[in-house]
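Below: one structure, written as structure tokens.
Each value in this text was obtained by applying a stated rule to the coordinates, not by laboratory testing. Everything numeric in this text was worked out from a predicted model, so none of it was measured. Every residue, glycine as well, gets a Cβ built from its backbone with ideal geometry; the counts of neighbours run over all protein chains shown.
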Amino acid sequence: MYLVTLGVLGFLSVFLAPLTGAVTLIPGLVAFPVARQLIENGAAVLPIAAFISSLMMVGIITLAMEIHYLGKRIAFLRNALALRFALLAAYLVSWGVSLWQ
């Protein structure tokens, strides 16, 4: 139901936000206040939650280090699973916020 209110660009942002979060290296102390400001200025919760969750869980920038220590197979598997869990977390956060409002 919440996806219907996002529209086409909002639906596209749900897939672009986690990819942006995966390649960005920002500390959480900076990311959370920025996310709050974006939501207060009208951004949808779902893409912001997808960005924040993938920012914290997926590490494309650190992939070379992960491959060195974990091996290629485990590093790619960890990042793929983290991206799936980031999207799931974003949908759950968005659903919870929609119930709260």
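Things to note:
- Residue within region 58-74 that is crowded, with 18+ Cβ neighbours inside 10 Å and under 13 Å from the mean Cα position of the chain (by Cα) present: yes
- Annotation note: of 97, 93, 23, the sole residue that is out of contact with any helix residue (DSSP H, G or I) (no Cβ under 7 Å at 6 or more places or on another chain) and of a type in the set (Val, Ile, Thr) is 23.
- If you go through region 15-31 and pick out every residue that is more than 12 Å from the chain's Cα centre (by Cα) and either surrounded by 13 or more Cβ atoms within 10 Å (Cβ to Cβ) or within 10 Å of residue 56 (Cα to Cα) (or both), you end up with 4.
- Residue that is nearest to residue 95 (Cα to Cα) [pool: residues in region 44-75 that are in contact with a helix residue (DSSP H, G or I) (Cβ under 8 Å, 6 or more places away or on another chain) and not in a helix (DSSP H, G or I)]: 44
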